[in-house]
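What follows is a single structure, written as structure tokens, with notes after it.
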Amino acid sequence: MPTQKMNGESHNVQRCDVLIIGGGPGGSTAAAVLAEDGRDVVIIEKAKHPRFHIGESLLPMNLEIFERLGVLDKVEALGIPKPGADFNAAHYDPPRHNFYFKNALDAKWPHAYEVRRSQFDEMLFRNAADKGAQTFEETRVTGVEFQPDNSSIITTKGPSGVLSWHARQLIDASGRDTFLAGKFGIKRKNPRHASAALFGHFTDVERRPGENAGNISAYWFEHGWFWMIPLRDGTMSVGAVCDPNYLKTRKVSPAEFLAQTIEMAPEEMRSRLVNAKAVPEFEVRATGNFSYQCSKMYGDGWMMVGDAFAFIDPIFSSGVLMAMTNACEAAEITGAILDGKPGTARMLRKYQKRVVKGIKTFSWFIERFNSPGLRHLFMNPGNPLRIEEAVTSVLAGDVYGNPRVDWRLQAFKLLYYMYSIAEWRDTLRDVRRRANRASSAFTGGTTEQDIA
């Protein structure tokens with residue numbers, strides 16, 4: 001086995017086909033696909049599973065990937081079925097509108113699941129190991145040196161000490177740590193998505209009745225919006241995504257501030273929480289939630305997956321879906337590169353273009369989610385030209401270039417702009433609010449991967 005001198009010490013250099021930085025949904029998915037294809041794969045995960053992560057709400061388009069990975073039955077065992085989402089605004093009549101995934105243009109998957117992410121992420125990680133990937137936990141990547149042949153030497157440090165790996169290809173699935181983006185200096189914040197979040201887990205929270213028990217609920221309020229995500233064990237994830245200026249006013253603990261913020265929620269939400277009890281072992285957290293995107297997603301010998309490339313506000317529960325979708329495509333391209341197949345440069349360009357399209361589709365809605373125009377259309381959608389079905393398709397995760405969805409979204413945007421012009425005073429106030437938010441910064445929480 002070859003040796004390499006690092007910091008004056010000689011270390012054995014172990015070889016692999018692909019090394020993956022990060023053992024979240026993106027990294028574990030890429031590893032499982034590559035290992036099943038007979039590749040020698042290594043995953044380096046900084047934490048130890050199970051580890052906390054927010055982002056419990058999945059989308060129907062995830063289910064096809066679960067089926068491909070052979071874990072759909074495990075997700076069913078971990079999760080509660082999620083037939084859709086309800087959006088709530090107190091001053092509308094009726095004050096709630098339900099979007100059901102079964103009404104999407106492509107209703108192959110008429111439901112999704114809500115899961116506890118610590119269990120879900122560990123299941124995917126162990127699945128990759130079961131398929132043959134070498135997995136390392138509580139281990140950090142401390143350095144990467146790219147070689148003339150596009151391979152790389154990766155140095156890691158963990159319970160096994162300092163190890164060096166010679167990988168033919170490198171996949172960065174490091175999430176919001178953005179390992180390679182930091183190394184290359186290619187990460188750019190998106191001030192239009194600036195927000196901050198408070199969240200906790202509670203028991204004895206009223207759920208929707210019947211088949212709607214697994215629905216995610218979103219409530220608009222003065223400073224942003226709330227989420228309520230039911231979990232299988234009777235717990236409810238409750239959080240508020242707010243203007244950073246509002247969180248800067250916090251003078252008390254995150255738990256107290258979340259309680260104060262909930263007092264501003266619509267009456268119907270507060271009534272659901274009247275008997276709520278905080279889960280003692282779950283500390284209420286506050287986190288900055290600033291979106292970003294890197295200027296490139298791949299290079300000679302490396303690719304990015306999921307939040308390692310871009311992170312957007314979690315309004316539409318897009319994080320896990322985009323990470324796993326990216327990962328499947330990245331694994332296929334990586335395999336083609338390893339086999340020396342022609343056309344991989346074109347595949348890489350197509351990969352980044354497709355990923356960016358999905359981000360742009362979600363981002364258009366995210367940037368306007370708190371605007372009067374989008375709130376009005378979500379609460380009074382109608383279905384001319386099957387536009388509501390197209391919006392439901394976006395909520396289900398169908399954002400990667402379905403022509404049946406795309407042209408109807410253009411029609412929806414036209415309706416949005418027409419309403420915004422007609423209600424120009426409210427629109428102008430919203431534009432000013434967003435501009436003020438973009439100039440703010442929130443530093444009161446963790447920079448770890450708390451939201452996806």
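The values are calculated or read from the model by the stated rules, or taken from the named source; none is laboratory data. Keep in mind that this is a model prediction, so the values were computed, not measured. Every residue, glycine among them, receives a Cβ derived from its backbone with ideal geometry; neighbour counts consider all protein chains shown. Calculation scope for accessible area: heavy atoms of the full protein, side chains included, ligands and nucleic acids excluded. Shrake-Rupley method; radii C 1.70, N 1.55, O 1.52, S 1.80 Å.
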**Message:** Positive end of the dipole of the chain, charges at C-beta (+1 Lys, Arg; -1 Asp, Glu), about the Cα centre: which of SER295, LEU78, ALA259 has its Cα farthest in that direction?
**Reply:** SER295
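By the gyration tensor of its Cα atoms, with a ≥ b ≥ c the square roots of the eigenvalues, what is the shape of the range 37-79: rounded for a/c under 1.5, prolate for a/b over b/c, or oblate? Write out the running numbers ahead of the final one.
Values: a/c = 2.15, a/b = 1.13, b/c = 1.91.
Oblate.
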**Asked** So what's the back-of-envelope 222 nm ellipticity for the chain, counting only DSSP H runs of four-plus at -39500 (n - 2.57) apiece and dividing by all residues, rounded to 500?
**Response** -11000 deg cm²/dmol
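Defining a contact as two alpha carbons under 8 Å apart and six or more residues distant in sequence, what relative contact order in percent does the chain show?
Details: 930 pairs, mean separation 95.7, N = 452.
Computed over the chain, the figure is 21 percent.
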**Prompt:** Of ASP93, ASP313, ASP204, which has the most accessible area with a 1.4 Å probe, and how do the rest follow in descending order?
**Reply:** ASP93, ASP204, ASP313
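What net charge do the residues around TYR292 carry, taking every other residue with its C-beta under 10 Å from that of TYR292, with Lys and Arg at +1 and Asp and Glu at -1? If you can, show how the numbers build up before the last one.
Numbers: positive: ARG176, LYS187, ARG188, LYS189; negative: ASP307.
Residues close to TYR292 contribute a combined charge of +3.
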**Item:** Length-normalised contact order for the range 8-70 - Cα pairs under 8 Å, 6+ apart - percent
**Value:** 32
**Message:** Could you work out the relative contact order of the range 178-337? I mean the mean sequence separation of Cα pairs under 8 Å and 6+ apart, divided by the number of residues, in percent.
**Reply:** 30
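For the chain, what proportion of DSSP beta bridges, expressed in % and rounded to the nearest 5, is antiparallel?
Expressed as a percentage, antiparallel bridges in the chain total about 70.
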**Asked** Relative to a virtual label point 7 Å from the Cα of ASP93 in the Cα→beta-carbon direction, which members of the range 227-271 show backbone nitrogen distances below 16 Å?
**Response** none
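Per residue, how large is the accessible surface of the chain? Use a 1.4 angstrom probe and give square angstrom.
Working: 18710 Å² over 452 residues.
Dividing the accessible area of the chain by its residue count gives 41 Å².
Which of rounded, prolate, oblate describes the range 135-238, given a ≥ b ≥ c as roots of the alpha-carbon gyration tensor eigenvalues and a/c under 1.5 marking rounded, otherwise prolate only if a/b is larger than b/c? Intermediate values should be presented prior to the final figure.
On the way: a/c = 3.42, a/b = 2.08, b/c = 1.65.
In terms of gyration-tensor shape, prolate.
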**Fill in**
Looking only at aspartates and glutamates whose Cα falls under 17 Å of LYS74's and that sit 8 or more positions away or on another chain, we get GLU56, GLU64, GLU114, ASP121, GLU122, ASP130, ASP233
